[in-house]
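Chemist: For reference, the structure I am asking about is given below.
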Amino acid sequence: MTHLLHRSINTQLPVAVGGKGAYVMDQSGKAYLDASGGAAVSCLGHGHPDVLSALHAQLDKLAYAHTGFFTTDVAEELADRLIADAPAGLDHVYLVSGGSEAVEAALKMARQYFVEVGKPQRRHVIARRQSYHGNTLGALAAGGNEWRRSQFSPLLIETHHIAPCFAYREQREDETLEDYGQRAAEELETKILELGPDDVMAFVAEPVVGATAGAVPPAPGYFKKIREICDRYGVLLILDEVMCGMGRTGTLHACEQDGISPDLLTIAKGLGGGYQPIGATLMSTGIFEAFKTGSGFFQHGHTYMGHPMAAAAGLAVQNIIRRDDLLQNVFAMGELLAERLTERFGQNPHVGDIRGRGLFRGIELVQNRETKTPFDPALKLHARIKREAMSQGLMVYPMGGTIDGRVGDHVLIAPPFIISPEEVEIICDRLGAAVETSLASLTE
Ligand code: PLP
């Protein structure tokens, strides 16, 4: 009998007792190749000696100091590090404990900004269907994932959703990818005009969609058009890079590849690589100035924000990524992974799409490749794949499709940035076996 909720609900969970490099070990001594970094978290793998030393050193100095009383060198240094490499125009950092807190803070920053500048009527948030921005009430309301929202509806905050930019499912045969990107972005303009341009506060989107759809990159030009539309109507652009950011796609920020900067940027997961819980919201000069000349503060806060241990983890992880030139490996191993996934699954009649950027890749499974019809969600193909992969000693991140058929079951692959070519081969072999066994089990 356990009193731990997640174990009580899933009694089959193995007990993790150790981790080294790309592997996690359970109590029976079985090693699992961590090809999803948990949920795209463990970017340096497990037990990295330099992160451990940085954490020990910080623990010897100071474990905790409340931000209402003190600042710390380590939090200052992390903020400087993040701003030195931030997308243009972002110049202040708000440190929190995870992704949902980062998104929640971004939404409140947007709201307070418009209050400070005398436009309190700007309150509408627009996001995209099939999106996930966190589980706290504000972040959940922004998200467009009906499976996560449904039990809590009506949500306290009303949000509005447009279609995602999802070429595999939404591009028409008579249009180019670029034309499709423009059409998808124009939906934002239509929604802003429908709601009233003076009443819209922010548009929230994940540059490369992670958990809800399986590493879906935007069409070329989509985000440039989104940026233009936001600027035209004075709407703040919040980019949620909690999952796809901090090097995961081969550049430090995913939006670099789309040539744009947001007004607010949320990061987490790979920021601290799982060594401590940490997230951050990066804000533009304009928003900072409005707070400074207005009420003089941001009306928000958490007990553990700017936690010195979390900041030490973030700083160590980010310094190691630069020192060891790991983004280079993300790019090279990402290309290899894409190539091997295509070899392994390209001819599989039930793999509809293989997609992603860097070490952020996804495959989508369909019952019929021609019509792109997903499997019946009741078959829970994703859960079968997860079970099979775990029994093969592989951690990947499969998720179910949507009931409305807009996404099929998919598997997200997000291994650590230190992954080797041999480990890429192992991922593809084990995933191949897990997918084949799971598909075969559907007809048993
Ligand atoms: N935003 C995105 C894009 C995410 O993928 C997630 C988590 O998966 C979150 C926000 C929420 O982050 P957390 O689980 O750290 O609260």
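The values are calculated or read from the model by the stated rules, or taken from the named source; none is laboratory data. What you see is a predicted model, and the numbers here were worked out from it, not measured in a lab. Cβ placement follows ideal geometry from the backbone for every residue including glycine, while neighbour counts extend to all protein chains displayed.
Chemist: Select from the range 202-234 the residues that are in contact (Cβ under 8 Å) with a residue 60 or more places away in the chain, over 10 Å from the mean Cα position of the chain (by Cα), more than 10 Å from the ligand (Cβ to nearest atom) and buried (at least 24 other Cβ atoms within 10 Å of the Cβ) and list them in ascending order.
Modeler: Within the range 202-234, Ala202, Phe203, Ala213, Gly214, Val216 meet the criteria.
Chemist: Sort through Val93, Val51, Val74 and tell me the only one that's among the β-branched types (Val, Ile, Thr), away from the ligand (no atom under 15 Å from the Cβ) and touching a Phe, Trp or Tyr at 6+ places or on another chain (Cβ under 8 Å).
Modeler: When all the criteria are applied, what remains is Val51.
Chemist: For the range 19-28, check the following and say yes or no: at least one residue is within 16 Å of the ligand (Cβ to nearest atom), touching a His at 6+ places or on another chain (Cβ under 7 Å) and not in a loop (DSSP other than H, G, I, E, B). Please lay out each step first, then the result.
Modeler: So in the range 19-28, the residues within 16 Å of the ligand (Cβ to nearest atom) come out as none.
The answer is no, given that none of the residues of the range 19-28 is within 16 Å of the ligand (Cβ to nearest atom), touching a His at 6+ places or on another chain (Cβ under 7 Å) and not in a loop (DSSP other than H, G, I, E, B).
Chemist: Now a separate question. Go over the candidates Gly393, Gly400, Gly408 one by one and state the one that is surrounded by fewer than 24 Cβ atoms within 10 Å (Cβ to Cβ), modelled with pLDDT under 95 and small (Gly, Ala, Ser).
Modeler: Gly400
Chemist: Give just the number: which of (1) in a helix (DSSP H, G or I); (2) away from the ligand (no atom under 16 Å from the Cβ) does Glu173 not satisfy?
Modeler: (1)
Chemist: Sort out which residues of the range 127-155 are within 14 Å of the ligand (Cβ to nearest atom), in a loop (DSSP other than H, G, I, E, B) and closer than 23 Å to Asp409 by Cα, and write them in order of number.
Modeler: Once the filter is applied, which keeps residues that are within 14 Å of the ligand (Cβ to nearest atom), in a loop (DSSP other than H, G, I, E, B) and closer than 23 Å to Asp409 by Cα, the range 127-155 yields Gln130, Ser131, Tyr132, His133, Gly134, Asn135, Gly143, Gly144, Asn145.
Chemist: Then there's this: Only residues that are of a type outside the set (Asp, Glu) and closer than 19 Å to Gln347 by Cβ: list them for the range 358-372, please.
Modeler: Arg361, Gly362, Ile363, Leu365, Val366, Gln367, Asn368, Arg369, Thr371, Lys372
Chemist: Could you list all residues from the range 342-364 that are touching a strand residue (DSSP E or B) at 6+ places or on another chain (Cβ under 6 Å) and either of a type outside the set (Asp, Glu) or in the same structural domain as Val216 (by TED's automatic domain parsing) (or both)?
Modeler: Once the filter is applied, which keeps residues that are touching a strand residue (DSSP E or B) at 6+ places or on another chain (Cβ under 6 Å) and either of a type outside the set (Asp, Glu) or in the same structural domain as Val216 (by TED's automatic domain parsing) (or both), the range 342-364 yields Thr342, Phe345, His350, Val351, Gly352, Ile354, Arg355, Gly356, Arg361, Gly362, Ile363.
Chemist: Quick one: which residue in Thr67, Thr2, Thr71, Thr11 is loosely packed, with under 13 Cβ neighbours inside 10 Å, of a type in the set (S, T, N, Q) and touching a residue at least 60 places away in the same chain (Cβ under 8 Å)? Walk me through how you get there before you give the answer.
Modeler: Numbers: Thr67 fails: loosely packed, with under 13 Cβ neighbours inside 10 Å; Thr2 fails: touching a residue at least 60 places away in the same chain (Cβ under 8 Å); Thr11 fails: touching a residue at least 60 places away in the same chain (Cβ under 8 Å).
Only one candidate passes the filter, namely Thr71.
Chemist: If you don't mind, another one. Considering each residue of the range 355-384, count those that are buried (at least 21 other Cβ atoms within 10 Å of the Cβ) and not in a loop (DSSP other than H, G, I, E, B), and give that number.
Modeler: So the count comes out to 11.
Chemist: Of all residues being in contact with a strand residue (DSSP E or B) (Cβ under 7 Å, 6 or more places away or on another chain) and assigned to a loop (DSSP other than H, G, I, E, B) in the range 237-252, which is nearest to the ligand (Cβ to nearest atom)? Just the residue, please.
Modeler: Val242
Chemist: Same structure, new question: Within the range 419-444, track down each residue that is surrounded by fewer than 21 Cβ atoms within 10 Å (Cβ to Cβ) and not in a helix (DSSP H, G or I).
Modeler: Matches in the range 419-444: Ser420, Leu442, Thr443, Glu444.
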